[in-house]
Structure formats: structure tokens, C-alpha cells
Amino acid sequence: PSERELKLQVIQIYNARLSERERRKTFLLERDLLDYRGNQARDAQRDPEERDLIQRMRLFARFHTPKEHTAFLETVLQAKRLRKEIAQLQRYRMMGFESLAECEMYEMDKRRREYHASAKRLSDQENEMNQVPEPALSAAQVEL
């Protein structure tokens with residue numbers, strides 16, 4: 001190839017890289033991905049399961065517009081929440097509960113038991129820390 005064709009190929013490669021850089025920059029700006037702290041704060045408010053699901057779904061962001069991807073995520077998360085709720089209701093049914101009132105009473109009792117158990121553990125730990133260990137007696141003191 002002539003020197004002119006080589007120079008044109010180099011320019012085409014350079015332009016392709018610039019175009020790709022611009023495309024990636026636009027992608028980040030459209031989806032507000034540069035606001036790392038804000039995104040992290042929003043993610044911190046979600047359940048760990050939801051955060052994991054959102055992380056795995058980021059792969060599909062490049063195939064959607066930002067609005068489409070947000071709507072997609074919301075529907076996937078809603079479906080996951082509904083499946084979780086259905087599983088919880090099925091557990092209640094297997095435990096023999098027949099009404100939502102019984103389920104709510106069970107959950108209140110469960111929370112109360114957990115609260116008292118954790119408070120008891122905490123007070124036991126405080127008691128252990130507050131007890132001063134008695135010094136060990138030496139052999140000479142034992143004989144007296």
C-alpha cells in the first residue's frame with residue numbers, strides 16, 4: 001500500500017477510537033453513572049438481593065434507553081418482591097395460619113421474642129464485662 005493509504009488507515013483507526021470514546025461518554029452521561037456517591041447512596045437503601053439483581057442487570061443497560069432500562073429494572077424488582085411475598089404467604093399457610101390477622105400476630109410475637117432475646121444477650125454480655133474476676137490464690141494462700 002502506498003504511503004497515502006497507510007495514513008488514511010491510521011486516521012480511520014483514530015477516528016473510530018474517538019467515536020467509541022464519545023459513544024461511551026454519552027452512555028455514562030445519559031445514565032447518570034458519573035455520580036458515583038449518589039448511585040452508591042441509592043443502592044445502600046435497597047436490599048442486598050435487589051442490589052445484586054440490579055448489578056447483574058446492568059449488562060442489559062446498553063441495549064435499552066435509560067427510561068426503558070429503569071422501567072425494566074422496576075418490573076423485574078417488582079416480580080421478585082411478589083415472588084418473595086408469595087413464598088412468605090405459602091410458609092404461613094404451611095404453618096396453619098388461615099388469615100392475615102393471624103400472620104400479623106405471629107410476626108409481632110416473633111419480633112417481640114427476637115427483641116427480648118437480643119436484649120437478654122446484651123445484658124448477659126454487660127454482666128460478664130462488669131464482673132471483676134477474683135485473683136487466683138497462690139499455693140501459700142491456700143494452705144492458710
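The values are calculated or read from the model by the stated rules, or taken from the named source; none is laboratory data. Remember, predicted model here, so these are calculated numbers, not experimental data. All Cβ positions, even for glycine, are placed from backbone atoms using ideal geometry, and neighbour counts span all protein chains on display. Just the protein is used for accessible areas: all its heavy atoms, side chains included, with ligands, DNA and RNA removed. Shrake-Rupley method; radii C 1.70, N 1.55, O 1.52, S 1.80 Å.
Yes/no matrix, rows are residues, columns are (1) in contact with a helix residue (DSSP H, G or I) (Cβ under 6 Å, 6 or more places away or on another chain); (2) farther than 30 Å from E30 by Cα; (3) at pLDDT 95 or above:
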position	(1), (2), (3)
L59	no, no, no
A71	no, no, yes
L100	no, yes, no
A117	no, yes, no
R121	no, yes, no
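Taking only pairs six or more apart or across chains, which ones have beta-carbon atoms under 8 Å, a first residue in segment 68-87 that is basic (K, R), and a second residue that is surrounded by 12 or more Cβ atoms within 10 Å (Cβ to Cβ) and assigned to a helix (DSSP H, G or I)?
What qualifies is K80/E49; K80/E50; K80/L53.
Hey, can you tell me all the residues within segment 54-79 that are basic (K, R) and surrounded by 12 or more Cβ atoms within 10 Å (Cβ to Cβ)?
R58, the sole residue that qualifies.
For segment 32-43, which residues satisfy the criterion of being over 16 Å from H69 (Cβ atoms) and either hydroxyl-bearing (S, T, Y) or open to solvent by 70 Å² or more (accessible area, probe 1.4 Å) (or both)?
L34, Y36, R37, Q40
Report, by residue number, each residue of segment 12-53 that is of a type in the set (D, E), modelled with pLDDT of 90 or more and within 16 Å of the chain's Cα centre (by Cα).
Once the filter is applied, which keeps residues that are of a type in the set (D, E), modelled with pLDDT of 90 or more and within 16 Å of the chain's Cα centre (by Cα), segment 12-53 yields D47, E49, E50, D52.
(1) of a type in the set (D, E, K, R); (2) out of contact with any Asp or Glu (no Cβ under 7 Å at 6 or more places or on another chain); (3) under 30 Å from D32 (Cβ atoms); (4) surrounded by 12 or more Cβ atoms within 10 Å (Cβ to Cβ): which one isn't true of R51, the others all being true?
Exception for R51: condition (2).
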